[in-house]
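Data first, discussion second: the structure below is written as structure tokens.
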Amino acid sequence: QKYSKGYKFFLKFIFPKFNFRKKRFLLITDEWTSNYYHWHIIALAKLVLLKEKGLLENSLIFLPKKYQSYKFAVPSLEKLGVKKNQIVFLRRKSNIKVNELAFVSASQHNPAALNILREALIKNIKSDFNFGDKIYISRAGQVLRFVENEAEVVAMLEKYGFKKLVIDQFSYDEQIAICSKVKYLVSPHGAGLTNILFMPQNSCLLELANPHEENILVDHYYKLADLINVKYFYQQCAIGINSKVKDFHHGSLVVDLEKLEKNLQLMFKND
């Protein structure tokens, strides 16, 4: 309202940078959706709900220009039936005029949308990658939330048949293919855990995370696991001495091996 009082608003309305006055656009992104987790849980979930209302056909989709470099953005949209010529990439502060703008006010952790999304993405896998049914997602090479005693952790996990991988080294289709065959997943807190969306129902996840300063459980992946029927396990870890940032969300982790082994046994017992 404050902006609209100035003359600049009227000039931009009369002379828009991009004029789509005969087109309908779908708005699915926000400030968070450039993250792999939020892209799936917010942006794609919104798209699913808009598609269910019959709004995808004959519509265009706004995306920030930076999304062109994200290897998961366009491939995931195509799996949901979006054609490349339906995507309009915009620079920051672009001025656009459209006929109609459709959006979803709230969709995070919408069970119906997530399950439709899950089925659509798994159905259209274009890869047959298979690393087995026990995977450890490593954050090796990252500056945040990496496991300081990873060599010992991997040795423990290998004893139980787990294989280590750095998930972001794989293409989007390969990540879906790998995780669609995983029955047991162990990983530090991070965007890679979003891939539980592709795991079979009744599979198991063990999340490794630092304690919250206010003793609050950061429950993003607990909620996601609950909605898609994946069994969730959690192990609180100590913040590492080599951590550049000493907070729960960014700090490195030191995993208690004795607790890890007990949690692994608990996972197998609850299968």
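The values are calculated or read from the model by the stated rules, or taken from the named source; none is laboratory data. In this text the structure is predicted, and so the values were computed from the model without any measurement. Cβ placement follows ideal geometry from the backbone for every residue including glycine, while neighbour counts extend to all protein chains displayed. Accessible surface is based on the protein model in full, side chains and every heavy atom, while ligands, DNA and RNA are left aside. Shrake-Rupley method; radii C 1.70, N 1.55, O 1.52, S 1.80 Å.
Numerical summary
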{"quantity": "Among (1) over 23 Å from residue 206 (Cα atoms); (2) among the basic types (Lys, Arg); (3) touching a strand residue (DSSP E or B) at 6+ places or on another chain (Cβ under 9 Å), the one test that residue 126 misses", "calculated": "(3)"}
{"quantity": "Filtered residue count, segment 152-198, keeping only those that are hydroxyl-bearing (Ser, Thr, Tyr) and under 18 Å from residue 235 (Cβ atoms)", "calculated": "3"}
{"quantity": "Sole residue being among the acidic types (Asp, Glu), out of contact with any Phe, Trp or Tyr (no Cβ under 6 Å at 6 or more places or on another chain), open to solvent by 10 Å² or more (accessible area, probe 1.4 Å) and within 24 Å of residue 141 (Cβ to Cβ), chosen from 219, 173, 226", "calculated": "173"}
{"quantity": "Filtered residues of segment 251-265 (kept if modelled with pLDDT of 95 or more and in contact with a Phe, Trp or Tyr (Cβ under 7 Å, 6 or more places away or on another chain))", "calculated": "263, 264"}
{"quantity": "Test: residue in segment 233-246 that is under 20 Å from residue 36 (Cβ atoms) and either modelled with pLDDT of 90 or more or not aliphatic (A, V, I, L, M) (or both)", "calculated": "no"}
{"quantity": "Residue in segment 31-67 that is most open to solvent (accessible area, probe 1.4 Å), counting only those that are polar (S, T, N, Q) and closer than 20 Å to residue 121 by Cβ", "calculated": "35"}
{"quantity": "Total residues in segment 195-212, condition among the hydroxyl-bearing types (Ser, Thr, Tyr) and modelled with pLDDT under 95", "calculated": "0"}
{"quantity": "Residue that is surrounded by the fewest Cβ atoms within 10 Å (Cβ to Cβ) [pool: residues in segment 74-120 that are under 17 Å from the mean Cα position of the chain (by Cα) and among the charged types (D, E, K, R)]", "calculated": "119"}
{"quantity": "Neighbours by Cβ (under 7 Å, 6+ apart or cross-chain): first from segment 87-101, closer than 21 Å to residue 73 by Cβ; second part of a loop (DSSP other than H, G, I, E, B) and open to solvent by less than 60 Å² (accessible area, probe 1.4 Å)", "calculated": "96/16"}
